[in-house]
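All remarks here apply to the structure that follows.
Where a number appears in this text, it was derived from the coordinates with a stated rule and is not lab data. For clarity, every value in this text was computed on a predicted model and none was experimentally measured. No Cβ is skipped: glycine too gets one built from the backbone with ideal geometry, and neighbour counts run over all protein chains shown.
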Amino acid sequence: MMMAVSDRFGLGWRSRLALGILSHLDRIDLVEVIADDFFRATRRERRALRTLAAQVPITLHGVTLGMASCVAVETKRLDQMARLCEEVKPVSWSEHLAFVRGGGIEIGHLAAPPRTAATIGGAIANLRRAWAVVGVAPQVENVATLIEPPGSDRDEAAWVAEIIRNSESDLLLDLHNLHANALNFKFDPVDFISRISPERIGSIHLAGGRWIGRPDAQRLLDDHLHDVPDPVYDLLEEVAARVPHALTVIIERDGNFPPIEWLIDQLDCARRAVSRGRSRQKAIAA
Amino acid sequence: MSDARFEEFLARIYVDENARAKFLADPRGEASRAGLTAQQIDDVVKIDREGLEMFAASLKRKKQSHG
């Protein structure tokens, strides 16, 4: 795996976007592939993935390991990730700071665990094991949550910062997850960003969502079915103003697909936001 | 062990409609019967009910959309 030398902008690889992505590789620097989709892939599917990796840098994104749990991640799952990384040679790989099962019950999505010393310890142990098995430390992503995690004794920024500080994993900062949590649970997302060491922010996710719930008690759902809203680009500018190294920025879109040109335009919006942030950083340094 | 039991309890009330209904009708009793610690029981009694219902509904929608 290699270090990025300049900011990179890419899209989540989805079969419905495949043709559009492949015909616009001059404007897409990399693609993010859901690793779990290939754990049980046929030889033909894995060959197709290798062919894709030969055309464009790939980053692998896990969704079912369940890193932020008091329970150890199953070795079988880590072995699957290790084999896929060995085969595809991604520029990086990542997982979520979430638990996805408990006592054999599959939740079917990413759940925010109680923000406690116990889950911090569990996450750090899992991340170290993942690093040992795969050979490269994963980046870890902050998750969106519709429910304030029961049993939490600290806020999200403190919880994430402590895991990052005590592990080898850099943060994959999902700015729509941050935006949604900040609106739903009424905290300042810029304060969150300021509490994470800029050197440890490795990659960025951007996405969109929609409001759900009763009119008097709505919450923002991170559904990846809508355009990236303007406040998320503002947060991207904030990050780019602080982070000293090259960033990888990925837009995630899981459905309700617009024309590919529309998504490429959103990548350009992201490029402009990063550029504004870099300009601020230079102005402060000058 | 108690932390793993807590995660299992949360997973159950997130995905199992019957377990969730029982819990919402008697949070302290259900948490106690699940073997949670006194602190964990106090924590789940104060659960964000609005968020619990929304998260459970989103999981159900996701499951239905994936067949």
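Given Cβ point charges of +1 (Lys, Arg) and -1 (Asp, Glu) and nothing else, what value in debye, to the nearest 20, does the dipole of chain A about its Cα centre take?
Once rounded to the nearest 20, the dipole reads 680 debye.
Around residue A:208, which amide H atoms from residues at least 5 apart in sequence, or from another chain, sit under 5 Å from its own amide H, with H modelled in the peptide plane?
Sorted by chain and number, the residues that satisfy this are A:224, A:225, A:226.
Could you give the length gained on full extension between residue A:89 and residue A:154, defined as 0.36 nm per residue of separation minus the Cα-Cα distance, in nm?
19.7 nm is the gain from fully extending residue A:89 to residue A:154.
I need the calculated FRET efficiency for the pair residue A:117 and residue A:25, taking r as the beta carbon distance and R₀ as 35 Å, to the nearest 0.05.
Between residue A:117 and residue A:25 the formula returns 0.15.
Between segment A:1-80 and segment B:13-67, how many Å separate their Cα centres?
Segment A:1-80 and segment B:13-67 have Cα centres separated by 33 Å.
Suppose every Lys and Arg Cβ carries +1 and every Asp and Glu Cβ carries -1, with no other charges. What dipole size does segment A:166-286 come out with about its Cα centre, to the nearest 20 debye?
360 debye
Using the Cα gyration tensor of segment A:34-124, with a ≥ b ≥ c the square roots of its eigenvalues, what is the shape: rounded (a/c below 1.5), prolate (a/b larger than b/c) or oblate (neither)?
It comes out prolate by the Cα gyration axes.
Can you compute 3J(HN,Hα) from phi for each residue in segment A:41-50, using the Karplus curve 6.51 cos²θ - 1.76 cosθ + 1.60 with θ = phi - 60°, rounded to whole Hz and x for Gly and Pro?
Per residue, the Karplus-derived 3J(HN,Hα) values read 6, 6, 4, 4, 5, 6, 5, 4, 5, 5 Hz.
Tell me the net charge near residue A:194. Cut-off is 10 Å between Cβ atoms, residue A:194 excluded, with +1 for each Lys or Arg and -1 for each Asp or Glu.
After counting each charged neighbour, the total is -1.
To the nearest Å, what is the center-to-center distance of segment A:148-211 and segment A:106-134, using C-alpha atoms only?
Cα centres, segment A:148-211 to segment A:106-134: 15 Å.
Using the Cα centre of chain A as origin and beta-carbon charges of +1 (Lys, Arg) and -1 (Asp, Glu), tell me which of A:269, A:93, A:163 is placed farthest towards the positive end of the dipole.
So the residue furthest toward the plus end is A:93.
With θ taken as phi - 60° and the coefficients 6.51, -1.76 and 1.60, list the Karplus ³J(HN,Hα) couplings across segment A:129-145 in order, rounded to whole Hz; mark glycine and proline as x.
The phi angles translate into 5, 4, 4, 5, 6, 7, x, 9, 5, x, 7, 10, 9, 5, 10, 7, 9 Hz.
Enter the mean number of other protein chain beta carbons within 10 Å of the beta carbon of each residue in A:95-105, as an integer.
The mean count of partner-chain Cβ atoms within 10 Å per residue comes to 4.
Show the residues, 5+ positions off or on another chain, whose built amide H is closer than 5 Å to the amide H of residue A:152.
A:115
How much length, in nm to one decimal, is gained on full extension between residue A:261 and residue A:6, taken as 0.36 nm per residue of separation minus their Cα-Cα distance?
Here the segment from residue A:261 to residue A:6 would lengthen by 89.5 nm.
Pull up the cross-link candidates among the lysines for residue A:89, meaning alpha carbon to alpha carbon under 23 Å and not fewer than 8 places away within one chain.
Partners within reach: A:76.
How high is the relative contact order of chain B, in percent, counting Cα pairs under 8 Å that sit 6 or more residues apart?
Relative contact order, chain B: 32 percent.
Restricting to chain A, compute how many DSSP beta bridges are antiparallel as a %, nearest 5.
The antiparallel fraction comes to roughly 20 percent.
Is segment A:153-286 rounded, prolate or oblate when judged by the Cα gyration tensor, a ≥ b ≥ c being the square roots of its eigenvalues, rounded requiring a/c under 1.5 and prolate requiring a/b larger than b/c?
oblate
For segment A:17-34, in order, what is each residue's ³J(HN,Hα) by Karplus, 6.51 cos²θ - 1.76 cosθ + 1.60 with θ = phi - 60°, in whole Hz (x at glycine and Pro)?
Values, residue by residue: 9, 4, 4, x, 5, 5, 8, 10, 5, 6, 10, 10, 7, 6, 10, 9, 10, 6 Hz.
Under 25 Å Cα to Cα from residue B:46, which lysines show up? Leave out anything in the same chain fewer than 8 places away.
Within the straight-line limit of under 25 Å, residue B:46 reaches these lysines: A:186, B:22, B:60.
State whether the protein assembly as shown is rounded, prolate or oblate according to the following rule on the C-alpha gyration tensor (a ≥ b ≥ c being the square roots of its eigenvalues): a/c under 1.5 gives rounded; otherwise a/b larger than b/c gives prolate, and the remaining case gives oblate.
prolate
Using Cα springs under 10 Å in a Gaussian network model of chain A, which residue among A:87, A:95, A:237 shows the largest mean-square fluctuation?
Residue with maximal mean-square fluctuation among A:87, A:95, A:237: A:87.
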